[in-house]
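Here is the structure we will look at, set down as structure tokens.
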Amino acid sequence: MSLQLAGGAGGAAPFGYRHDALFYGTANESAELIARFLRAGLNQGQPALAVIAPQQIERVRSRLGSNASRVEFADMRVVGDNPARIIPLWQEFLDRNQGRAVRGVGEPIWAGRALDELRECQIHEDLLNRAVPAQTPFWLVCPYSVSELNPEVIRRARLCHSDAHLGGEHGGGGSGGGDQDSSLAPFAAELAEPPPEASVVDLRPSSLFDLRRGVSLAAARWGLNGPRISDLVLATNEVATNCQQHGQGLSGARIWSASGRLVCEVRGPGSLNDPLAGRRRPSPGLGSGRGLWLANHLCDLVQVMARDGDIVVRLHMRMV
Amino acid sequence: MTEVIRSPYAQPARESRAFPAEDQGLNASGSAQSPAVDRCPYPRPFDPGFRRCPNFHPVHVLSADSNNSGLNPYLACSHLAQGRNERGGYYASCELGGPRERAELAARITPARLDTERTLLEGLAAVSESAREAVVAAALASEATDGASAQSELGAAIESFATQNRHRLQSLGIAPDRFARAFAEWTKARQMPLARLGRMVQETGSDPLRGLWIRLASALEEGEASAGEAAGRAIDCTTTASSPGDAGLEIEAAANRVRLRGQIDRDAWEQLSGLAVMAAALDGDLILDLGGVSFCDVGGLRILLALAEARRERGALILESVPEELARALPALGWNDGSMASAS
């Protein structure tokens, strides 16, 4: 598989935000291409951050040799465990290097991601195009394993990325193939009903207190440990409070346990105004907008569905 | 509508139809195995007065045989579920888990409370037995009229029981009328004519009153709160909450020390803001003791931080005993120790 990543944009000409997919066959091939991409950036004095799997970090490091110390690495298995935590990391990297051309590599989707996680990864990839202003000199490449991933996943990836195979072709400031107007569309993707073997408890809360109590009872009963119960209770409370404050209250809540996960769902009439809610670090001041942010940090996965005038938020806790 | 899904039956084989066929692949291995950890270790059906298991939650089951003749009521436990081993065999499992989980749960609920619950469940079973039998008989005979009267008789028995035992119920945090209402809700939720109940009994051998009994047991366990009602056991496991009475917020002020008790959520923001307005005008350091606060949401914390900011000139705001889960959430909120320190 050949690729001309090192060519194209860069050099003296400032480029805007560019979000490419890199479709690779083997891990070694991917490591080679990533190293080449990063090396080309380093040669132009561009800071770089690669968020990939730990084994891949090692492969890229060894290929970069002495240059490896000039690249920042982060373990995607940790950072991207909940995909909603990835954008804040890029944001922080961009803030730190404001005004400079930078490069990034992020591989949020790997074979073995649960279906629920996959949906959130795809939303994440869509939102990246929204989160980064078009004029930001940031070249981001997302590796996708064509040999391991489902063809449908690859098809989706093509929709929100420029294809790195096309080489130096530059999409201008157009942030990959992402369509700005439809950036709320990813949240409309249907959430699957709990599996038939799941134990589902319909909470029908009459107050926030009631909701917290129900969540805490069910979580304790299914064996979530103490501090994680408190985290889930707090996250649920904040999401439900958001529904009351910004929507028209809660229309329902339920909690279930399936495949080693506890999922708490809160539902209410309303619409999603800010697709990046929960992915922007709140300022340390007293402003609002912390509900989803907090949920993203307390829970292993947060899913949001906005369609037909309803918002559904699901908070996942892994049962360890 | 989703209901709590659980199988409380002592005789799992009879219930097998209610469960989806499991992955046959699991049955392939014929290897010997050790008994599952969640296997119920006690002989079933349970003897009247059974007390050996601290978590025992009696459910009186009325059933009929294949000829629709009533069988003697037997005693099951609402925690009994149907486990399935690797070879596809059934065993009676405890949905609370293994011995360790069971012991932990019993300790959390407290033996006294469990005992009150058992007394109530057994008392209820005794006073309503004839009425329940009448309902089953009517259902089996598909006699709608008799069924309706049997049903209302049962409702009356339950209601009078709730009145007589109101103090016991209240000690569990359950309003007596709430308890009686469980019956009405159950019959309404089923919306099942007795004739159909009768057919169901004939076809599956299942007890039409099983659902009612579970529901009443749930009402007992879950007290007032409707979310808790669905969620299951009356375990007070909100980290530090001691009783359902912890809803709402109590404020107790003495000199420059304010003690807060209860839970701070959106419903308490106004109250807390009121306190903040008064406290902002106080001179000197102000201590807010959050030790009695079993829950504080982000909005509540925001009000407290705004108060710290507002009275910066007058003195410090010292937060004592911040609830643990909130303290853990602070860094994620951008309020790390540093900004807390500057706020206090």
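Take each residue of peptide A:195-206, count the partner chain Cβ atoms within 10 Å of its Cβ, and average: the result is 5. Projecting the Cα atoms of A:G260, A:T241, A:V71 onto the charge dipole of chain A, computed from C-beta unit charges around the Cα centre, puts A:V71 farthest toward the positive end. Annotation: amide H-H contacts under 5 Å for B:A81 (H modelled 1.01 Å from N, sequence separation of 5 or more, or interchain): B:S93, B:C94, B:E95. Counting beta carbons within 10 Å around each of A:V312, A:V266 and listing the fewest first gives the order A:V312, A:V266.
Peptide A:112-124 is shielded by partner chain Cβ atoms: per residue, an average of 0 of them sit within 10 Å of its Cβ. What's the angle, to the nearest 10 degrees (0 to 90), between helix A:208-221's Cα axis and the longest principal axis of chain A? With rounding to tens, the tilt is 80 degrees.
A dipole drawn for chain A from +1 and -1 charges on Cβ atoms has a positive end, and of A:P196, A:W110, A:M319 the residue lying farthest that way is A:M319. The amide H of A:A50, built 1.01 Å from its N in the peptide plane, has A:E72, A:F73, A:A74, A:V105 as neighbours under 5 Å, considering only residues 5 or more places off or on other chains. Here, segment A:14-138 is characterised by an Rg to Rh ratio of 0.94, where Rg is the alpha-carbon radius of gyration and Rh the Kirkwood radius. Counting only alpha carbon atoms, the long axis of helix A:86-96 and the longest principal axis of chain A meet at about 50°. By the helix-only formula, in which each DSSP H run with n ≥ 4 contributes -39500 (n - 2.57) and the sum is divided by residues, chain A has a 222 nm mean residue ellipticity of -11000 deg cm²/dmol.
For chain A, the longest principal axis of the C-alpha atoms and the axis of helix A:151-160 are separated by about 80°.
Residues B:M278, A:M76, A:M319, ranked from the fewest to the most other C-beta atoms within 10 Å, line up as B:M278, A:M319, A:M76. Residue order for B:D289, B:D265, fewest other beta carbons within 10 angstrom first, comes to B:D289, B:D265.
Scanning residues 5 or more positions from A:L224 or on other chains, none has an amide H under 5 Å from its amide H, with H placed 1.01 Å from N in the peptide plane.
Counting, for every residue in B:116-127, the Cβ atoms of other protein chains within 10 Å of its Cβ and taking the mean gives 0. About its Cα centre, the dipole of segment B:242-301 is roughly 60 debye, where the only charges are +1 on Lys and Arg Cβ and -1 on Asp and Glu Cβ.
When only the Cβ of Lys, Arg, Asp and Glu is charged (+1, +1, -1, -1), the dipole of segment A:187-318 relative to its Cα centre reaches about 380 debye.
Legend: P(r) of segment A:187-318 from all alpha carbon pair distances, 10 Å bins from 0, whole percents, reading 13, 47, 34, 6, 0.
Couplings for segment A:129-142, taken from phi via the Karplus curve 6.51 cos²θ - 1.76 cosθ + 1.60 with θ = phi - 60°, read 5, 8, 6, 9, x, 4, 8, 5, x, 10, 10, 10, 10, 10 Hz in order; Gly and Pro are left as x.
Mean separation of Cα pairs under 8 Å and 6 or more residues apart, divided by the residue count, gives segment A:187-318 a relative contact order of 27 percent.
Rg and Dmax of chain A, both derived from C-alpha coordinates alone, stand at 20.5, 61 Å. In chain A, Cα pairs under 8 Å separated by at least six residues give a relative contact order of 20 percent. Its Cα centre serving as origin, chain A has a Cβ charge dipole (Lys and Arg +1, Asp and Glu -1) of approximately 740 debye.
Coordinate-derived values only; no laboratory data. Since the model is a prediction, treat every value here as computed from it, not as a measurement. Every residue, glycine as well, gets a Cβ built from its backbone with ideal geometry; the counts of neighbours run over all protein chains shown.
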